[in-house]
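> Please see the structure below; I have some questions.
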There are 2 protein chains.
Amino acid sequence: MATLDSAFSALADPTRRALLARLALGEASVMELAEPFEMTQPAISRHLKVLEGAGLIIRRVEGTRRPCRLAPAAISEIDQWLGMLRQALAKNYDRLDDVLATMKPRKRKPRR
Amino acid sequence: MATLDSAFSALADPTRRALLARLALGEASVMELAEPFEMTQPAISRHLKVLEGAGLIIRRVEGTRRPCRLAPAAISEIDQWLGMLRQALAKNYDRLDDVLATMKPRKRKPRR
DNA sequence: TCTTTATATAACTATTCTGTTATATAAAGG
DNA sequence: CCTTTATATAACAGAATAGTTATATAAAGA
């Protein structure tokens, strides 16, 4: 799914995760978001564009400012996908495989 | 965190997510994993290497085969990080911001 | 109207992916 | 031994990233 592609790859960048962490505290403008970073403003603007494109944030127009805040949509989609893995792990499929692998060692000949 | 970087960017690729989905059904060898894809074996091998590097899978050695299965570590770290966003969203910080934004329209002058 | 402030966009560069083919390695099996 | 099978690795090409500087735009305010 294209949404998961963009959401996960948006989250893969530490700057973008930091921006989201900041937004978890509440809405902020581009300049406010850029302030803690050693990066130029255009760089932050582009990171925000990526986050917006991934459905992780939404923006308002307020005069010359574009306040951003977290958007719920993408997160829930990610959660849903991870749910599959969580479930597989919880069911101990891995441990079961361990047992099976030990019990039936797939025609292995003793050395020489 | 470096782990989150590699875990999220590993998940950003649809082929890798498909490999994980397959592994959610149980352990599989490289060839078994490669079979459904139109990609060459080296390409799959590299995707698996990425998944392993991200802590999303682990591999055994069994003769010439390298059976893979899901690993729990990375997932739980991701879950933990996403928890922060989930919480922020759940607390309706966004909705609160809405209200505040409407109530105190940040020194905006009426046109002209 | 002129200046400042907030933000976006373009052009460019360096680096990092993703896939390919060709080849290496090592165990399995006759 | 020799061949086959499973997998890894190297070398390479093309696409996508992330950052930079320079510049555009548009609202705010004097």
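> Which residue is surrounded by the fewest Cβ atoms within 10 Å (Cβ to Cβ), if the candidates are limited to region B:62-75 and must be modelled with pLDDT of 90 or more and more than 7 Å from chain A (Cβ to nearest Cβ)? Give the steps one after another, and end with the answer.
Within region B:62-75, the subset modelled with pLDDT of 90 or more is B:62-71, B:75.
In the following step, the residues that additionally are more than 7 Å from chain A (Cβ to nearest Cβ) were identified as B:64-68, B:71.
Values: B:Thr64: 6, B:Arg65: 15, B:Arg66: 15, B:Pro67: 20, B:Cys68: 24, B:Ala71: 18.
That would be B:Thr64.
> Let me ask another. Would you say B:Arg16 is more than 14 Å from the chain's Cα centre (by Cα) and within 17 Å of B:Ala74 (Cα to Cα)?
Values: more than 14 Å from the chain's Cα centre (by Cα): no; within 17 Å of B:Ala74 (Cα to Cα): yes.
Judged against the criteria, B:Arg16 is not a match.
> Output the residues belonging to region B:1-32 that are facing chain A (nearest Cβ under 7 Å) and assigned to a loop (DSSP other than H, G, I, E, B).
Listed by number, the residues that qualify are B:Ala12, B:Gly26, B:Glu27.
> Tell me which residues, restricted to region B:37-65, are out of contact with any Ser or Thr (no Cβ under 9 Å at 6 or more places or on another chain), within 6 Å of DNA strand C (Cβ to nearest atom) and in a loop (DSSP other than H, G, I, E, B).
Selection gives B:Thr40, B:Gly63, B:Thr64.
> Scan region A:33-57 for residues that are within 14 Å of A:Asp13 (Cα to Cα), more than 10 Å from DNA strand D (Cβ to nearest atom) and within 14 Å of chain B (Cβ to nearest Cβ) and jot them down.
A:Leu51, A:Ala54, A:Leu56
> Exactly one of these conditions fails for A:Ile78: (1) among the aliphatic types (A, V, I, L, M); (2) assigned to a helix (DSSP H, G or I); (3) more than 11 Å from every other protein chain (Cβ to nearest Cβ). Give me its number.
With (1) among the aliphatic types (A, V, I, L, M); (2) assigned to a helix (DSSP H, G or I); (3) more than 11 Å from every other protein chain (Cβ to nearest Cβ) applied to A:Ile78, the lone miss is (3).
> Looking at B:Arg65, B:Arg22, B:Arg60, B:Arg86, which is the one that is among the basic types (Lys, Arg), within 14 Å of DNA strand D (Cβ to nearest atom) and within 19 Å of the chain's Cα centre (by Cα)? So that I can check it myself, show each step before the final result.
Values: B:Arg65 fails: within 19 Å of the chain's Cα centre (by Cα); B:Arg60 fails: within 19 Å of the chain's Cα centre (by Cα); B:Arg86 fails: within 14 Å of DNA strand D (Cβ to nearest atom).
Exactly one of B:Arg65, B:Arg22, B:Arg60, B:Arg86 is among the basic types (Lys, Arg), within 14 Å of DNA strand D (Cβ to nearest atom) and within 19 Å of the chain's Cα centre (by Cα), namely B:Arg22.
Here is a yes/no grid of residues against (1) farther than 30 Å from B:Gly26 by Cβ; (2) at pLDDT 95 or above; (3) small (Gly, Ala, Ser); (4) exposed (fewer than 12 other Cβ atoms within 10 Å of the Cβ):
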| site | (1), (2), (3), (4) |
| --- | --- |
| A:Ser9 | no, yes, yes, no |
| A:Arg22 | yes, yes, no, no |
| A:Gln41 | yes, yes, no, no |
| A:Ile44 | yes, yes, no, no |
| A:Met103 | no, no, no, yes |
| A:Lys109 | no, no, no, yes |
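The values are calculated or read from the model by the stated rules, or taken from the named source; none is laboratory data. Predicted model, so just to flag it, every value in this text is computed and none were measured. Don't worry about glycine lacking a Cβ; one is built from the backbone with ideal geometry, like all the others, and counts go over all protein chains shown.
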